[in-house]
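Structure record follows, encoded as C-alpha cells.
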Amino acid sequence: MSGGLEQRYRRVLRVLPSYYREQWEEDMVTAFLESSLTGDQEEDEFITEYGKPSFQEIASVAGLAARLYLGGTGAPRRYFAWGQATRWAVLVVLLEHAVRALAGIVFLAWAHRLLGWLPPPPARVLAAQSGTGIWPTVWYAVGYAWIVAYLALVLGYRRTAQVIAVLAIAPDLIYLFQSQFGIGQVPRLVPWAIGPWAMWVLIDLVPVLAMAAFHRDAPPVERRPWLLALPVTFLLIAVPLLAVEFTGHGGRVPGAPGLFCALVAVACLVHAPRARSRATSGMWSLTLMLLAADTGLLRIFTLGIYPNDPLMILIGLVELAVLVAAAALVAPDVRGLSSRGSREVAGAEDRARRLPEPALRRQIP
C-alpha cells in the first residue's frame with residue numbers, strides 16, 4: 001500500500017543515519033503504516049492518502065536518531081567517536097559545575113569559621129560574596145545538585161543524573177527571567193542582554209541536552225579517573241582561585257568566559273603533542289574541539305557585557321584568539337578521525353545487520 005502517508009514516514013526517517021536506514025527503513029515504514037490502519041477500507045484509504053505521522057512517532061524516530069548519531073558500543077567508528085567525545089565533553093562541563101559548587105561549599109565553611117586552621121576571610125571578600133533573600137540559599141542547593149549529578153553520571157545512574165541536572169538549571173532560568181523583567185528583588189539586566197542568556201544556554205542547557213549521549217548503548221564511564229578528577233581539579237584550579245581571592249587580587253582573575261577559554265586552551269596545548277604523534281584515537285581531540293567551540297561562542301556572546309570598555313573587549317578578543325590558536329593544534333587529529341571513520345562506514349551495513357530491531361516496531365501489536 002502506497003500513498004502520502006508512506007512518503008511522510010519516509011521523510012521523517014531521513015533523520016536516521018544512512019547505514020541504519022538502508023537496513024531498517026522498509027520494515028519501519030511497514031510497521032508505522034500497519035499501526036496507523038484501522039481495518040475499515042474507506043477510513044484506511046483516507047488515512048493512507050492524508051494521514052500524518054503522530055508526534056509520538058516523530059519523537060521516537062528523533063530519539064533513535066540521536067542515539068545512533070551519538071553512537072555507543074557496536075556503532076560505526078565515526079558515530080562512536082562523536083558519541084564518546086560528546087559524553088566526555090558533558091562530563092567535563094559537569095565536572096566544572098561540581099568543582100565550582102565544591103568551592104562554594106568550602107568558602108561557606110571558611111566564612112563560618114568551620115575551618116579553624118585557616119584565618120578568617122577578609123571582610124571585603126565576605127561583602128562581595130554576601131547576598132540577601134532566598135537566592136544565596138538556592139545557589140548553594142544548586143551547587144549540591146551539580147555535585148550529585150556529576151557523581152551519579154560517573155557511577156552509571158544516567159537517568160538520575162539527567163533529572164537532577166534538569167532541576168539544577170531551572171533556578172538559573174527563573175533568575176534570568178526575573179532579572180530580564182525586573183521581578184522581585186533581583187537586579188534588572190540591561191534590556192535583552194545576551195551575555196547572561198548565552199551563559200545559561202551554553203554552560204547549562206546545551207550540556208544537559210547533550211546528556212542524551214548517555215543512552216543504553218553507550219559504554220560505561222571509567223569511574224576511577226573521573227572520580228579522581230573532582231578532587232584533583234579542585235586542588236589545581238579552585239584552591240588557587242580561592243587563594244587569590246583571599247589575598248585581595250580577585251580583580252586580576254578573568255571572568256568565567258575568559259577563565260574557560262584559558263583552561264580549554266591549556267588542555268589543547270597539553271594534548272597537542274599526543275595528537276600530532278597519533279598516540280590517541282582522536283576522540284580526545286574531538287572532545288577538546290567541542291569544548292573549544294562551546295567556550296568560543298560563550299566568549300563571543302559575552303563580549304557585549306563591556307559595551308563601554310574597549311580594554312575589556314580587547315582582552316576578551318585576545319582570550320578568544322588564544323583559544324582558537326590552541327584548538328588549531330589539535331584540529332588536524334579530528335580531521336584524521338573523520339577520514340578514518342569514513343572507511344569504517346563501508347562496513348556499516350554488516351554491522352547494521354547485527355543491530356537490534358527498532359524498538360518502535362516491537363511495540364506495535
query: Taking θ as phi - 60°, what are the ³J(HN,Hα) couplings along segment 94-99 by the Karplus curve (6.51, -1.76, 1.60), each to the nearest whole Hz, with x for Gly and Pro?
result: 5, 4, 4, 4, 5, 5
query: What's the carbon and sulfur percent of segment 67-113's accessible surface, probe 1.4 angstrom, rounded to a whole number?
result: 67 percent
- prompt: Which ³J(HN,Hα) values in Hz, rounded to whole numbers, follow from the phi angles of segment 14-24 under the Karplus curve 6.51 cos²θ - 1.76 cosθ + 1.60, where θ = phi - 60° and Gly and Pro get x?
  reply: 5, 6, 7, x, 4, 4, 7, 5, 4, 7, 10
- prompt: Which order do Glu34, Glu42 take by accessible area at a 1.4 Å probe, largest first?
  reply: Glu42, Glu34
- request: Express in whole angstrom the spacing between the alpha-carbon centres of segment 190-237 and segment 259-326.
  value: 16 Å
query: Taking all protein chains as present, what is the carbon and sulfur share of the accessible area of segment 200-327, in % to the nearest whole number, probe 1.4 Å?
result: 73 percent
query: Which order do Tyr140, Tyr69, Tyr150 take when ranked by solvent-accessible area (1.4 Å probe, heavy atoms of all protein chains), largest first?
result: Tyr69, Tyr140, Tyr150
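The values are calculated or read from the model by the stated rules, or taken from the named source; none is laboratory data. Every value quoted in this text rests on a predicted model; they were computed, and no experiment measured them. Surface areas here come from the heavy atoms of the whole protein model, side chains and all, with no ligands, DNA or RNA. Shrake-Rupley method; radii C 1.70, N 1.55, O 1.52, S 1.80 Å.
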